[in-house]
Amino acid sequence: MKRLDRRIIMDRFFKYLVIVISLIALMPLFYIITSILVHGGSTVLKAGISFLYEPPPSPLSTNVGGIGPSLLGTILLMTITIIIGLPLAFFTAVLAVEYPNSIIAKFVGILTRSFIEIPTILIGVLVYTIMVLPMGRFSAIAGAIALALVSLPYMYTHIENALASIPWIYREAAYGLGLTKPKALFHIFMGIARRGIVAGILIGLAKASGETAPLLFTIGGSRHSYFQGLDKPIDAIPLLIYEFAQTPYNIYHEVAWGAALILLLIYLGVFATLRLLVKKVEL
Amino acid sequence: MTSIPRSDKLFFYALLPFAGIVLSIFILLLKILVENSLPIFIREGLGFITSNIWRPSETNSRIEYYGILSPIVGTFYTSLIALILALPASIALTVFVNEYVPHRFKILIVNLIEVMAGLPTVLYGLWGAFIFAPLLKDYVMVPLNNYFWFIPIFSCKPTTPSTMFTASVILAIMVTPFITSVIREAYEAIPLSYREAALGIGTTKYEYVKIMLTMIKPAILAAVLLGFGRVAGETIAVSMTIGNSFSLSMCLFEPGYTISSLIANQFGNAGFYHYMTYALYGAGFILLIIGLTLNSIGLYILVRWRKSLEET
Amino acid sequence: MKYIVDIKCLSVYIKGKKILECIDLKIPRNSIFTIMGPSGSGKSTLLRVINRLIDLIPYAKVEGKVYVFGMNIYNVDPYILRKQIGMVFQTPNPFPHLSIYDNVALGAKLNGVARNKDELDKIVEWALRKAMLWDEVKDRLREPPSKLSGGQRQRLCLARALAIKPKLLLLDEPTANIDPVNTRKIEETLTSLKNEMTIVMVTHSPHQAARISDYIAFLYMGKLIEWGPSSQILIRPRSKLTEKFLRGEI
């Protein structure tokens, strides 16, 4: 009887231990979100709707201003990143799924996935050397290319999975109709795998909106003027947060919190859409 | 006898340029990386990774010397602490989600974990620097130092909230969802027959979970290695909370550097010096090698484990 | 050209395993030709050689000669070959993302069978009428196929195959997963189509073979045991194995 008691006590203890540790592990998420809501919320309330389109304040200003250029920059960077990254991810995924026996397809598949292992800061540094140095200035396009390289493996993986998991019966049906590979792909396979493909795009967007390190040495953080051209500096919300948080000015910290709220909303928006589309998300 | 139809070949050729672009980008990145890091390896040899000297000079490039021992040690040290903290949390979360949470809440918790995994790192950094680090200093670091000063890692007085300890804890928070997802996938992949067998011998839940966890040991190891790769490469949140200084101390309550935070902090000014860019590239190269090695081992273990599961 | 399909000592290996062994078979024009046999006899594989869907299976090796419409199938582009051959599969597999109309129209449109909207409408109606589905779906052509019953879905697949105006129709156990009412409708359709095309059907049911076939081939363990006019196979089989199969003993 005594032995049984010990087993049951151990079982209880284990259960509470697991629950307590789990709650502790999840707590930071709520803490972070609450902090951003409280601090960011107060900034945004103070600045009003103009927070979304005004440029940021000067360090000693009392007026919060806004993050207009950075928000616009983030939206533009998200767009260009997808324009550059999606075709690469999509067509290499098609190559891998439709020509699984080709050595090139296999090799490029491994290569694309391995981009995930390159630290994002290193991607920023490399794009700096390849693009910023020769061009002589920071640019939106350099940032977008860096972000595209960061998002590439995520988009590729999701699109490849989506295409590869099209049930065999539909492949046979498509080819049984006499459709060639491109016709079957564009008219049938893409339609059947559309959720997975859109999920891939959304993950690309999530990365493009939230990554900071690839932008450190590529876009130049031009946060007082709005879009000037693809070959000109631009800003992004994550970079603004990163740089403003490290300044000694209170007003900049306030702006950083407000920007964090906007970034959080963008991220949660993308995530929620993703969740509605697919069951499993790998970020 | 089977020849590839012409239209298939044409489509293949139409797709090749995309593969070609990916391939050439990769080669270009590799070339730039090697080209720019070779000079420092040639100039300083092993000294580059075994010494802790950071001596830039704008005027006299001959006296410049760069040794990244401190960031290398810092990278391993913070990653190690982060993983030690994250592993029990990840295992607990896995067990929690699979064994204790009522089914309809499971999806909610899993969603929360995934939200955490993808949250922009700069948000972790911002929260870490302004909210969490001061708390950590007052309520964890100071007491630890007061009561456990005789343990070397707690031996110094925390003077600033930005320390290696802070960065480690934040990294642990950030990597927990990732490690959890790897472990959870393995846990859920255990075939039903084993589960039934374990339950069939009259185990309590604790004993049952212990058996299940023993079964996925290789996957847990792989998760840790993969997590290490992630943690070592993380830049933004670390550079916002680690204090960014060259120190070589056992004590966790001092500011430090990791390779990635070193690059983040120094690369912007490196152009003013003759050798610093090379040094930072060299550091990046070493970071990449560390990451690739750990990841490859992790993936290898994971693949082998999955295979063994299929075979039995 | 009396024979639409002419198979000469066809052997198929998948991953080194022999699936079919030196099959010799001639399929006469405008007939219903049934390939029957127990599961695992290789009959589905035989069907997939005729339109080269076997190409999709990695590690499949084909030996021997196969002539379809008088052409050696390995000397023509498989896509051109398949455009003239319709196929219906064991599991009803209408494309889930397309409407009922588009499921039928897609092949006809992409293969250039219909040149404009009017022609396409006509072909879709014709195919759906042939599949005896028109009256059931004519008011909801824009709905997804998921709204149809299993049997209706299979008839939709039949219509899809007919809409490319094939000269040869292949059916791989088309009624295996379907109720008797729908099975009868499909069998009626096939009988009515005989004058317009040649039909090759795979089935594991000797009763179905008996109901509609002009010719029957009996396949067992990858070997062609015998083939001939259905009356002869059903009434005077030459092989003991065929007899056993007809009695339901294998």
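Reported count of residues in the range B:110-152, each being of a type in the set (D, E), farther than 30 Å from A:I121 by Cβ and in contact with a helix residue (DSSP H, G or I) (Cβ under 8 Å, 6 or more places away or on another chain), is 0.
How many residues does the range A:85-131 contain that are among the acidic types (D, E) and farther than 30 Å from B:L262 by Cα? Residues in the range A:85-131 being among the acidic types (D, E) and farther than 30 Å from B:L262 by Cα: 1 in total. In this entry, B:L93 is excluded by the filter for residues that are on the phi < 0 side of the Ramachandran plot, within 14 Å of another protein chain (Cβ to nearest Cβ) and free of Cβ contacts under 8 Å to residues at least 60 places away in the same chain. Between A:L71, A:L37, A:L26, A:L17, the distinction of being within 14 Å of chain B (Cβ to nearest Cβ), in a helix (DSSP H, G or I) and in contact (Cβ under 8 Å) with a residue 12 or more places away in the chain belongs to A:L37 only. Evaluate the following for A:I32: is it within 12 Å of chain B (Cβ to nearest Cβ), aliphatic (A, V, I, L, M), within 27 Å of the chain's Cα centre (by Cα) and open to solvent by less than 10 Å² (accessible area, probe 1.4 Å)? Answer is yes for this residue.
Screening A:P57 against (1) in a helix (DSSP H, G or I); (2) more than 24 Å from A:A184 (Cβ to Cβ) leaves a single unmet condition, (1). Screening B:L262, B:L299, B:L248 for residues that are surrounded by fewer than 21 Cβ atoms within 10 Å (Cβ to Cβ), in contact with a Leu (Cβ under 9 Å, 6 or more places away or on another chain) and closer than 30 Å to B:L144 by Cα leaves exactly one candidate, B:L248. Selection of the range A:253-280 for residues being open to solvent by less than 10 Å² (accessible area, probe 1.4 Å), closer than 22 Å to B:M240 by Cα and either more than 11 Å from chain B (Cβ to nearest Cβ) or touching a residue at least 40 places away in the same chain (Cβ under 8 Å) (or both) yields A:V255, A:G258, A:A259, A:A260, A:L263, A:L264, A:Y267. May I ask you to verify whether B:T293 is under 22 Å from B:T50 (Cα atoms) and open to solvent by 50 Å² or more (accessible area, probe 1.4 Å)? Answer is yes for this residue. None of A:F217, A:F227 is closer than 16 Å to A:G124 by Cα and of a type in the set (F, W, Y) except A:F217.
Any residue in the range C:80-96 that is surrounded by fewer than 21 Cβ atoms within 10 Å (Cβ to Cβ) and either more than 17 Å from A:A173 (Cα to Cα) or charged (D, E, K, R) (or both)? The answer is no, given that none of the residues of the range C:80-96 is surrounded by fewer than 21 Cβ atoms within 10 Å (Cβ to Cβ) and either more than 17 Å from A:A173 (Cα to Cα) or charged (D, E, K, R) (or both). Would you call B:I107 within 11 Å of chain A (Cβ to nearest Cβ) and either assigned to a helix (DSSP H, G or I) or touching an Asp or Glu at 6+ places or on another chain (Cβ under 8 Å) (or both)? So B:I107 fits the description; yes.
Please find, among C:R247, C:R160, C:R211, the residue that is more than 21 Å from C:I7 (Cβ to Cβ), of a type outside the set (V, I, T) and in contact (Cβ under 8 Å) with a residue 60 or more places away in the chain. Just a single option satisfies the conditions, and that option is C:R160. Just give me the residues in the range B:183-219 being open to solvent by less than 20 Å² (accessible area, probe 1.4 Å) and either part of a helix (DSSP H, G or I) or more than 18 Å from B:Y100 (Cα to Cα) (or both), in sequence order. If the condition is that a residue be open to solvent by less than 20 Å² (accessible area, probe 1.4 Å) and either part of a helix (DSSP H, G or I) or more than 18 Å from B:Y100 (Cα to Cα) (or both), then B:I183, B:A186, B:Y187, B:A198, B:Y208, B:V209, B:M212, B:I216, B:A219 are the ones that fit. Where strands (runs of 3 or more DSSP E) fall wholly inside the range C:31-98, the ranges with 3 or more residues that are touching a residue at least 60 places away in the same chain (Cβ under 8 Å) and at the interface with chain A (Cβ under 9 Å from one of its Cβ atoms) are C:85-88.
The set of residues from the range A:93-138 being out of contact with any helix residue (DSSP H, G or I) (no Cβ under 7 Å at 6 or more places or on another chain), in contact (Cβ under 8 Å) with a residue 60 or more places away in the chain and either more than 9 Å from every other protein chain (Cβ to nearest Cβ) or not aromatic (F, W, Y) (or both) comprises A:M135, A:R137.
Would you check if there is a residue in the range B:85-99 being farther than 23 Å from B:G227 by Cα and either open to solvent by 20 Å² or more (accessible area, probe 1.4 Å) or among the hydroxyl-bearing types (S, T, Y) (or both)? Within the range B:85-99 (the criterion being farther than 23 Å from B:G227 by Cα and either open to solvent by 20 Å² or more (accessible area, probe 1.4 Å) or among the hydroxyl-bearing types (S, T, Y) (or both)), the answer is yes, since at least one residue qualifies.
The set of residues from the range B:110-144 being assigned to a helix (DSSP H, G or I), facing chain A (nearest Cβ under 7 Å), hydrophobic (A, V, I, L, M, F, W, C) and within 20 Å of the chain's Cα centre (by Cα) comprises B:V115, B:M116, B:A117, B:V122, B:L123, B:L126, B:W127, B:A129. Of all residues in the range C:99-123, those satisfying the criterion of being open to solvent by less than 60 Å² (accessible area, probe 1.4 Å), outside any loop (DSSP other than H, G, I, E, B) and of a type outside the set (D, E) are C:I100, C:Y101, C:N103, C:V104, C:A105, C:L106, C:G107, C:A108, C:L110, C:L120, C:I123. When A:I203 is tested against (1) open to solvent by less than 10 Å² (accessible area, probe 1.4 Å); (2) more than 9 Å from chain B (Cβ to nearest Cβ); (3) under 24 Å from B:F18 (Cα atoms), only condition (2) is not met.
Filtered by the rule that a residue be in contact (Cβ under 8 Å) with a residue 12 or more places away in the chain and aliphatic (A, V, I, L, M), the range B:197-216 gives B:A198, B:V209, B:I211, B:M212, B:L213, B:M215, B:I216. The set of residues in the range A:40-68 being of a type in the set (F, W, Y) and free of Cβ contacts under 8 Å to residues at least 24 places away in the same chain consists of A:Y53 alone. For the range A:163-193, the tally of residues that are assigned to a helix (DSSP H, G or I) and within 13 Å of chain C (Cβ to nearest Cβ) stands at 21. Checked against the criterion of being crowded, with 24+ Cβ neighbours inside 10 Å and either free of Cβ contacts under 8 Å to residues at least 12 places away in the same chain or over 24 Å from the mean Cα position of the chain (by Cα) (or both), the range B:159-178 contains not a single residue that satisfies it.
Report yes if B:R6 is within 14 Å of chain A (Cβ to nearest Cβ), over 26 Å from A:S114 (Cβ atoms), open to solvent by 30 Å² or more (accessible area, probe 1.4 Å) and not acidic (D, E), otherwise no. When the stated conditions are applied, B:R6 passes them. The criterion of being of a type in the set (A, V, I, L, M, F, W, C) and open to solvent by 50 Å² or more (accessible area, probe 1.4 Å) holds for C:W126. Here is a list: B:P39, B:P17. Which entry is at negative phi, within 9 Å of chain A (Cβ to nearest Cβ) and open to solvent by 30 Å² or more (accessible area, probe 1.4 Å)? Unique residue meeting the criteria: B:P17.
The values are calculated or read from the model by the stated rules, or taken from the named source; none is laboratory data. Just so it is clear, the structure is predicted and the values come from calculations on it, not from any experiment. As a convention, Cβ positions derive from the backbone with ideal geometry for all residues, glycine included, and neighbour counts pool all protein chains shown. Just so you know, the surface numbers come from the protein's heavy atoms only, side chains and all, with ligands and any DNA or RNA stripped out. Shrake-Rupley method; radii C 1.70, N 1.55, O 1.52, S 1.80 Å.
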